[in-house]
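The block underneath contains the structure these notes are about, expressed in structure tokens.
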Amino acid sequence: MKAVHQLDLPAGSPICAPGVQKLLSVLNVDGLNARMVGGCVRDLLLQRKIIDIDLACSLPPEETMLRLKRAKIKVVPTGLKHGTITAVLDKVGYEITTLRHDVETDGRHATVTFTDDWIGDAARRDFTFNALYLDADGSLYDPCGGLADLETRRVRFIGAADERICEDALRILRFFRFAAQIGDGLMDPQGFDACIRYKNLIDNLSGERLAQELLKILAAQNLLSVMTVMAKHDFLPHILGVTPDWPRFRRYVQQEQNLGRCDRLARLCSLLRRGEGAGAQVSRHLKLSNRQTKYLVAYDQHDLNISPGVADKTLRRAIYLHGRDVVAFALLDGNSEASPTTQLSELLHLIDTWPVPSFPVQGRDLIQAGYAAGPALGDLLKQREADWIASDFTLKKQDLLQ
């Protein structure tokens, strides 16, 4: 495999971090056995923030681990069956995967065999711009034409799109995710047609994998153009497990974008039909974390009516009882994109910055004030808190103990 370009790597880039250079030095002591690959190379060329750095290596995984251990580098065999290990340097994890061929796939998992063939390894990857390799000296390798696709912001499968999708149906979502992330939603027609043909395979994917890709799509700048296509061709019911509310979603995302905001779980909730309890259902379907489920269900079940003319006192009460995020969601979800941006922005500023007070009275305070312990004490405490809220949080502790 020959280099096609010599890049001048920017100083301070994660690509040039001491940990990366040490890994490459250890693995390449007797030749070019390891290179950076995939997202880190793609994002370097796009001048986007690099999140993770992955390495491809022609050494068998056992030899890779042996060399790292000899260099006193911590090794975690995270996916040894598929040739993947994680090297940990300065508390940063780097995935290193041996070059491989897919021998057998079932749409979710693959049986692989290891190789030292860089071209063969590239051919089994998903998209052309994810098969870019980079040496420590800036030598760039492009065996699948990914550079040209990056320049035009085109998402294109490597080889036959049907084969790539049948190897792993998650690539359908990744196809749309990259279209939303890297540019103007330009999708290769052959790849798009294949996604439509095989969209039923999405039903076989685990909720965790669906959620991971969907949340990335929901955070992308160009998601509306891509999600419009996904909605038109009925991809969303396969992903969500429910029928979406597309007009509501479009309005909500437009509101957030106009105001420079991005709440992925709020956007997910805006895809759901009101009043059907879909928040809990979708949380189970996507196997969201407990924290994510808490927020999604709270967004879905709120009964707030927050308009641009809401009184500050009413807004503060809502924030205290429901939390900032739910109130912000209710405001944007309940008002059309025609609402004055200035008014919404001012309300959001109050929602984001109002210092939420803590109720100053506890049960032991009431007991010390002479009230008897028992079930009635809890009711009294709730009443005192309601009085405090009704006063717009102005009643002092001594007033509440009367």
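The numbers here are math on the coordinates, done by the rules we state, and not lab data. Here the structure is a predicted model, which is why all the values come from computation and not from measurement. All Cβ positions, glycine included, derive from the backbone under ideal geometry; neighbour counts span all protein chains shown.
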GNM flexibility winner over the chain from His101, His238, His349 (Cα, springs under 10 Å): His349
Between region 191-222 and region 19-75, the alpha-carbon center distance in angstrom: 29 Å
Exposure proxy ranking, count of Cβ atoms within 10 Å, fewest first, for Asp54, Asp121: Asp54, Asp121
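As a footprinting exposure proxy, order Lys287, Lys382 by other Cβ within 10 Å, with the fewest listed first. Display every interim value, and only then the final one.
On the way: Lys287 14, Lys382 10.
Ascending Cβ contact count within 10 Å gives the list Lys382, Lys287.
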Footprinting exposure proxy for Asp117, Asp325 (fewest neighbouring C-beta atoms within 10 Å first): Asp117, Asp325
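When each pair of different Cα atoms in the chain is counted once in the 1/r mean, what is the Kirkwood radius in angstroms, to one decimal? Show your work: numbers first, answer last.
Numbers: mean 1/r = 0.0407 Å⁻¹.
Result for the chain stands at 24.6 Å.
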Spread of Cα-to-Cα distances over 10 Å intervals beginning at zero, given as percent, for region 33-182: 11, 39, 38, 12, 1
Distance histogram in 5 Å bins (all Cα pairs of region 241-356, percent per bin): 2, 12, 24, 23, 21, 12, 5, 1
Members of Lys2/Lys91; Lys49/Lys72; Lys216/Lys294; Lys2/Lys72; Lys294/Lys396 lying beyond 26 Å, as alpha-carbon distances in this model show: Lys2/Lys91; Lys49/Lys72; Lys2/Lys72; Lys294/Lys396
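Percent relative contact order of region 311-381, based on C-alpha pairs within less than 8 angstrom and at least six residues apart? Walk me through the numbers on the way to the answer.
Numbers: 26 pairs, mean separation 21.0, N = 71.
Relative contact order of region 311-381: 30 percent.
If I take every Cα pair under 8 Å that is 6 or more residues apart in the chain, average their sequence separation and divide by the length, what percent do I get for the relative contact order? It would help to have the intermediate numbers written out before the result.
Values: 583 pairs, mean separation 37.9, N = 402.
Relative CO of the chain lands at 9 percent.
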Computed E for Asn290/Lys2 - FRET, C-beta separation, R0 41 angstrom, nearest 0.05: 0.25
Degrees separating the helix 223-232 axis from the principal Cα axis of the chain, which is the longest one: 90 degrees
Computed Rg/Rh of region 158-235, alpha carbon atoms with Kirkwood Rh: 0.93
Mean separation of Cα contacts under 8 Å, 6 or more apart, over the residue count of region 103-215: relative contact order %: 25 percent
Helix-only mean residue ellipticity at 222 nm for the chain, each DSSP H run of n ≥ 4 adding -39500 (n - 2.57), per residue, nearest 500: -14000 deg cm²/dmol
